[in-house]
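Here is the structure we will look at, set down as C-alpha cells.
Here, each number is a calculation from the coordinates, and none is a lab measurement. Fair warning: this is a prediction, and the values are worked out from it, not measured in the lab. We place every Cβ from the backbone using ideal geometry, glycine too, and count neighbours over all the protein chains shown.
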Amino acid sequence: MTTTESSTEPVKPAARAIRALELFCGIGGFAAAVEGSNVRVVAALDHSPQALAVYRHNFPGHQARRVDLERVTAWELTTCAADLWWLSPPCQPYCERGIRRDLQDSRARSLLRLMEILRAMAVECLPQSIALENVAGFADSNARHQLVSILEGRGYYLRERLLCPSELGVPSRRPRYYLTASRLPLADLQPVNTNPRLLGSYLPRTDEVPHHLLLAPEIIEKFGSGLRILDREDPTAYTTCFTSGYGKSIVNAGSYLRCGDRVRYFSPQEISRLLHFPDTFSFPSEVSLRKQWHLIGNSLSVAAVQEILRGVPMVRLP
C-alpha cells in the first residue's frame, strides 16, 4: 500500500472570541474598528438617543441601549461578562479650547463613576483589558492621574500613547490620547508600514457642486483669512480636526474644500471616510445635517483605534 502525504497545511485554530463592552459608544467608532476581527461587541452603552439611533442603524446586531453612565451600577457592567471594556468618555473637560475644569466639570461624572466601580470591584469581576480614548489634553489631567493610579493598583499592565491619524498615512490631523490596560502583558507593537494617502482619494470624483454645503460669499469675505481651505488636488493637503461644532462655528472647527470658484463644507460622509468608517456607514434619514456633523465630530478615528487594539492581548484584527 502506498501512502500519499497530504500537502495541505495544518488548519490554525480560530482565535478565541473576545467579548467587548463599548462604553460611551457614540455612533460606533469602536464597533467599526473591530468589524471582521475576533472581537464581539456584546453591549454598547450611551446616553444620547441620537447617537444610539445612528449606532443601531449601522450595527443592528449589537445590543445598544441608553444608559446614564453617571449612575451605572457594577452589575450592569459585569452582567455581560466582557473581556474588554472600551471607553470614550466626554472630552470637553480636557479640551484646549475649553476652560479645562477637569474632574470639576460635571461632564466628568460618568468617568468618575466608572473609576469608582473599578476601584471597588472584586478582582475576579474585573475585565481582562480596558482601553480609553480622549483628547490629547487628557494626558496631563487629574482624571488621567487618578485612572492610572487605580488601574496600576488593580494589577494592570499599562501603555499610554498620543497618536494622530497622520502617523498612519491619513491626510488628517486628529491627535488623541490612548490608554491600554491589561491583566496580561501587553503585546509588543511592530512598526506599521503606512503608505500616505492623498486627500482626493477620500472624496468623490464629481464636478457637481452640492448647494447645501456651500459657504455664503459673505462668510468667506468675513472669515476667509481664518479658514483652512483645501484643494483636493494638492498632494500636501490635510484636514484639521473636525469638531462637534463644525457647521455651527466657522473657524477652528474643521477644514473646508475649494469647489471651483466657491468654498464648501466637507460632508458628513466625507468626514466619516477620513475617519476610516466603512463605505457602508450612513446616517438615518431623520438625522439633520447639523446633527450629523455634531455626531461625527464626537466620534473616533477607526484607523487609530485599530492601531491601538493591535497591542491588546488576544485581539486579532483582519
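Using +1 at the Cβ of each Lys and Arg and -1 at the Cβ of each Asp and Glu in the range 199-297, identify which of ALA237, GLY297, SER282 lies farthest towards the dipole's positive end.
Checked the options; the winner is GLY297.
In what sequence, highest mean first, do 146-152, 119-125, 87-93, 240-246 appear when ranked by Cβ atoms within 10 angstrom?
So the order, starting with the most tightly packed, is 87-93, 240-246, 146-152, 119-125.
Report, in debye and to the nearest 20, how large the dipole of the chain comes out about its Cα centre when Lys and Arg carry +1 and Asp and Glu carry -1 on their Cβ.
520 debye
Span-like helices, the chain: DSSP H, alpha-carbon axial extent 15 Å or more, mean Kyte-Doolittle -0.5 or greater, which ones?
Counting only whole DSSP H runs, the qualifying helices are 109-120, 142-153.
Given a cut-off of under 8 Å on Cα pairs at least six residues apart, what relative contact order in percent is computed for the chain?
Here the relative contact order equals 19 percent.
Nothing charged except the Cβ atoms of Lys and Arg (+1) and of Asp and Glu (-1): what's the magnitude of the dipole of the range 199-297 about its Cα centre? Round to the nearest 20 debye.
Value, rounded to 20: 300 debye.
What Rg and what Dmax come out for the range 199-297 when only alpha-carbon atoms are used, in angstroms?
13.0, 37
Of all beta bridges DSSP finds with both residues in the chain, what is the antiparallel percent, to the nearest 5?
50 percent
Once amide H atoms are built 1.01 Å from N in the peptide plane, which residues 5 or more positions from ARG316, or in another chain, come under 5 Å H to H?
ASN38, VAL39
For the charge dipole of the chain, defined by +1 on Lys and Arg C-beta atoms and -1 on Asp and Glu C-beta atoms about the Cα centroid, which residue among ALA131, PRO171, LEU214 has the Cα displaced farthest towards the positive pole?
ALA131
Let me have the relative contact order for the range 240-318, percent, based on Cα pairs under 8 Å that are six or more residues apart.
The value is 31 percent.
Report the residue, chosen from LEU300, LEU111, LEU213, that carries the largest GNM mean-square fluctuation when the chain is represented by alpha-carbon nodes joined by springs under 10 Å.
LEU213
Report the antiparallel proportion of the DSSP beta bridges in the range 156-261 as a percent, rounded to a multiple of 5.
65 percent
Using the scaling law 2.2 N^0.38 Å as the reference, what is the normalised Cα Rg of the chain?
Cα-based Rg divided by the globular estimate yields 1.09.
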